[in-house]
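Asks: Got a structure for you, questions after.
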Amino acid sequence: EAVSRELSAQLDVNDPISGRYTLEVSSPGIDRPLFTPAQFARFIGEKAKLSLNLPVEGRRRLQGAIRAVDGDRITIDQDGVEFVVVHDNVQKARIVPDYAALGLAPEKPAGKAGAKPKPGASKAGSAKPGAPRRKPNK
């Protein structure tokens, strides 16, 4: 909002646009797109999703942590395997937000209401007082 107000004030003073207009300022969002090697370098350690023009080791889609950027070569760690991608081969890339770290992760749904318990499952305190309890199988 502060950027919008400042920019609006500057545009009012300099008036570079004749006629009426609406000023809209927005952010790229938490799943921001990545266009340049410098942008990848800025987000080393973050997860990214990439679509490639040509496959790298048989894959045209990668999702993993950005490990390194060396010139136009970007290293992505996907499940412990590192893939080196030349920037010109990147068709589309964006940051994958860590919703849990942002406190925005959806809560896991609770069990369905009225669902029957699985055989052998018991709720704490559901046994009759004085009744023998079964030990779990090991």
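Asks: Tell me, what ³J(HN,Hα) does each residue in segment 80-87 have, in order and in whole Hz, if you take phi through Karplus 6.51 cos²θ - 1.76 cosθ + 1.60 with θ = phi - 60° and put x for Gly and Pro?
Replies: x, 10, 8, 10, 9, 10, 6, 3
Asks: Could you pull out every residue, at least 5 positions away or on a different chain, whose amide H is within less than 5 Å of the one on residue 34? Hs are placed 1.01 Å off N in the peptide plane, and Pro or chain starts have none.
Replies: 93, 94, 95
Asks: Within a Cβ distance under 14 Å of residue 68, other residues only, what is the Lys/Arg minus Asp/Glu net charge?
Replies: -2
FYI, it's all coordinate maths here, none of it is from the lab. Being a predicted model, the structure only gives us computed values, none of them experimental. Virtual Cβ from ideal backbone geometry, glycine too; neighbours counted across all protein chains shown.
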